[in-house]
Each structure stands twice: as structure tokens, then as C-alpha cells.
1. I want the antiparallel fraction of DSSP beta bridges within the protein assembly as shown, as a percent rounded to 5.
2. Where the only charges are on Cβ atoms (+1 Lys, Arg; -1 Asp, Glu), what is the dipole of the protein assembly as shown about its Cα centre, to the nearest 20 debye?
3. Each residue of the range B:47-58 in turn: what ³J(HN,Hα) in whole Hz from Karplus with 6.51, -1.76, 1.60 and θ = phi - 60°, glycine and Pro shown as x?
4. Can you tell me the order of B:51-60, A:35-44, B:98-107 when each peptide is scored by its average per-residue count of other Cβ atoms within 10 angstrom, highest first?
5. If you place +1 on the Cβ of every Lys and Arg and -1 on the Cβ of every Asp and Glu, how big does the dipole about the Cα centre of chain B come out, in debye to the nearest 20?
6. Let me confirm one metric for peptide B:42-48, namely the mean number of other chain beta-carbon atoms within 10 Å of its residues' beta-carbons.
7. Student exercise: in the protein assembly as shown, how many lysine pairs 8 or more apart or on different chains have Cα atoms under 18 Å apart?
8. Putting +1 on Lys and Arg Cβ atoms and -1 on Asp and Glu Cβ atoms, find which of B:T123, B:S31, A:Y87 reaches farthest to the positive end of the dipole of the protein assembly as shown.
Amino acid sequence: QSVLTQPPSVSAAPGQKVTISCSGSSSNIGNNYVSWYQQLPGTAPKLLIYDNNKRPSGIPDRFSGSKSGTSATLGITGLQTGDEADYYCGAWDSSLSVGRVFGGGTKLTVL
Amino acid sequence: EVQLVESGGGLVQPGGSLRLSCAASGFTFSSYWMSWVRQAPGKGLEWVANIKQDGSEKYYVDSVKGRFTISRDNAKNSLYLQMNSLRAEDTAVYYCAREWYYYDSSGYYPGYFQHWGQGTLVTVSS
């Protein structure tokens, strides 16, 4: 059971928009920054969004992040078949000795 | 270009030991916190351990405390994970990751994982 909650799967057609939610609590998302990672099949995770809504160099602006209260959302517009991947949210949880927590991951299928 | 290359994975019996290595290049290794993050087959991501720039602070997930030891050699631009008393539930791909920390007037706290290696598979089985 992950500390952050994500839907197991989402799907949409090419060219459409999809959103992936990440729900937490005041000790993690509510008071700390959220990051998002993309894991293409058979590859390592890659940083997609940091500080809730910032994109690293090289990440297209089709990807966006937002946060409200204890929830965060990843948005992807203009879906491409190459966007099929697992997406994970992450945050620091200041109430845990571990500190670093992830969501369980969301499998995006581009139909 | 930032590169992180893990090695040392393999098949080991329950109770056995393994040492993972991560060779870093393309950045000033000694300036960053470094982490190990693992992913069990078909499962999500789990942070395992991390180490401060100078090695003076180390943190572990509860499930590996007392069994795993993280270390680094800044002269060799390398990160290590010594894994002892391995269990079946330690089976996973282990990723080395460069970690960003936030610094402010009250101290520092974990941020996000900027760069990841390609991972090395550890299988614990008899």
C-alpha cells in the first residue's frame, strides 16, 4: 500500500488530453513539493515534473503539473503513442523516518 | 551529460550478500546527495537509502536497516550499496539516483530524483 494514491490505469486516444491524479496528506503533498516520473517500458524512471509544476530541460510543454491542497495532478496533452508508460508521483513525507514516498504508479494506455 | 551506471547485481541465495556499485560521470559527484531506489518485478518504486555529499549522513528505509549499508567514494565518483542477509523480498531492480535537496534558513530537506541509472537486477532465490 503506497503512501500516495494514484489510479492504476488511465487511457485516451492519440491527440487527446489525459490527467493522472495523486492523492496524499498534509504531511506529504499538502506541505511539500511534488515530482512526477515517467517510466517507459523496460527503462529507468525519468524526471518529468518537479516543484509541483516545473519541467526539466528537454521535457515538452505537453506535460504539466499542478497541486491543490493534498492532491496533485499530471496533465498530458496531444497524446502520442510514445507516451505509453507508467507514471509515478513522489514527495517528501515529513512525518516518516523514511521521508521519500511514491505513488503506486499509473499505467497510461494510448488507444 | 549526466551518467549513472550501476553494476553488481545478480542471483544470490537467501541470507547471502551482494555489493552494488554506481559509477557517476558528467557532474560534480561530491556536490550531490545520492540515493538507491528499487523496483520489485511488476511493482512500483521504493526508496531504499541515501547519503549526504560528504558521507556524514545516511538514511535507510526501515525494511533494510541493519542489513544494507550505503557508502560513497568521491575520489572515484562512485556510490555503493552493501546488501547483507538478503531476503526474497529484496528481489528488485536497484537504481542509483542523483537527488536534489532544498536548502533554506531552517535547514535542508529531500526534494526529487533528478537523474537515474539504468538499474541492476538483484534476484534473491534458492
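Every read-out reported here was derived from the displayed coordinates using simple, explicitly stated rules and does not represent laboratory data. From a predicted model like this one, the values you see are computed outputs, not experimental measurements. We place every Cβ from the backbone using ideal geometry, glycine too, and count neighbours over all the protein chains shown.
1. Working: 73 of 81 bridges.
The antiparallel fraction comes to roughly 90 percent.
2. Working: 19 positive and 17 negative charges, 21 e Å.
Dipole size: approximately 100 debye.
3. Once θ is set to phi - 60°, the couplings for the range B:47-58 become 5, 10, 6, 8, 9, 6, 3, 9, x, 7, 10, 9 Hz.
4. On the way: B:51-60: 14.8, A:35-44: 17.8, B:98-107: 12.5.
Result, highest mean Cβ count within 10 Å first: A:35-44, B:51-60, B:98-107.
5. That gives a dipole near 280 debye.
6. Numbers: counts 0, 3, 11, 13, 5, 6, 2.
Taking all residues of B:42-48 together, the mean is 6.
7. The number of close lysine pairs in the protein assembly as shown is 9.
8. B:T123
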